[in-house]
């Protein structure tokens with residue numbers, strides 16, 4: 001039964017070829033693909049607000065920032081995995097594959113009801129295996145709340161609901177006002 005199931009698994013090369021120009025993006029876990037849902041207005045605004053803030057601070061550095069469409073490739077226990085974080089920052093000049101990064105220093109996910117559990121657990125544990133990753137940031141989209149996990153602090157959770165968020169790998173601070181600009185919010189949780 002297992003051998004039969006493996007015959008229908010998609011190879012990495014076939015996955016990458018299928019994703020090139022695809023209308024629907026898919027994450028890939030050891031031969032299986034999972035369609036991704038569309039983002040909400042709040043999700044898009046938050047992603048754009050942070051990307052715009054960071055982009056201007058990257059000029060003249062080796063860093064490259066990608067929003068929504070750049071995959072991160074992981075290899076865990078002989079399994080190939082490709083995720084699509086909302087923001088990917090790589091400052092490694094050798095991390096220049098056409099369709100994915102392997103050495104990001106910062107990954108950001110904007111949480112939604114349908115993805116929060118996976119982002120907080122499955123992806124969090126997977127991302128910790130990336131040696132170059134310094135920070136993993138999770139941003140709520142319906143209230144002002146940001147969760148940060150930093151390698152330098154043993155991946156301990158830091159929750160921010162006011163003020164600003166320090167992004168240590170770039171030595172910058174972004175205010176929650178900037179992150180949530182034009183985003184209608186409910187009360188903090």
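Things to note:
- Residue in the stretch 3-25 that is surrounded by 12 or more Cβ atoms within 10 Å (Cβ to Cβ) and on the phi > 0 side of the Ramachandran plot present: no
- Residue 80 passes every criterion in (1) within 22 Å of residue 103 (Cβ to Cβ); (2) buried (at least 18 other Cβ atoms within 10 Å of the Cβ) apart from (2).
- Among the residues of the stretch 141-161, those that are closer than 23 Å to residue 41 by Cβ and surrounded by fewer than 16 Cβ atoms within 10 Å (Cβ to Cβ) comprise 143, 161.
- Lone qualifier among 131, 184 - being surrounded by fewer than 14 Cβ atoms within 10 Å (Cβ to Cβ), farther than 19 Å from residue 57 by Cβ and in contact (Cβ under 8 Å) with a residue 40 or more places away in the chain: 184
- Where residue 108 falls short, out of the listed (1) under 21 Å from residue 174 (Cβ atoms); (2) surrounded by 15 or more Cβ atoms within 10 Å (Cβ to Cβ); (3) free of Cβ contacts under 8 Å to residues at least 24 places away in the same chain: (3)
- The number of residues in the stretch 72-98 being out of contact with any strand residue (DSSP E or B) (no Cβ under 9 Å at 6 or more places or on another chain) and either touching a residue at least 40 places away in the same chain (Cβ under 8 Å) or on the phi > 0 side of the Ramachandran plot (or both) comes to 3.
- Subset of the stretch 38-71 (residues that are within 18 Å of residue 104 (Cα to Cα), crowded, with 18+ Cβ neighbours inside 10 Å and in contact (Cβ under 8 Å) with a residue 60 or more places away in the chain): 47, 50, 54, 63
- Residue 117 surrounded by fewer than 14 Cβ atoms within 10 Å (Cβ to Cβ) and closer than 19 Å to residue 43 by Cβ: yes
- Test: residue in the stretch 100-108 that is at pLDDT below 95 and under 13 Å from the mean Cα position of the chain (by Cα): no
- Per-region count, the stretch 2-12, residues modelled with pLDDT under 95 and in a helix (DSSP H, G or I): 6
- Tally of residues being more than 27 Å from residue 106 (Cβ to Cβ) and at pLDDT 90 or above across the stretch 13-31: 5
The values are calculated or read from the model by the stated rules, or taken from the named source; none is laboratory data. It should be emphasised that the depicted structure is a prediction, and the values quoted were computed from it without experimental measurement. Reconstructed Cβ throughout: ideal geometry from the backbone, glycine too, with neighbour counts over all protein chains shown.
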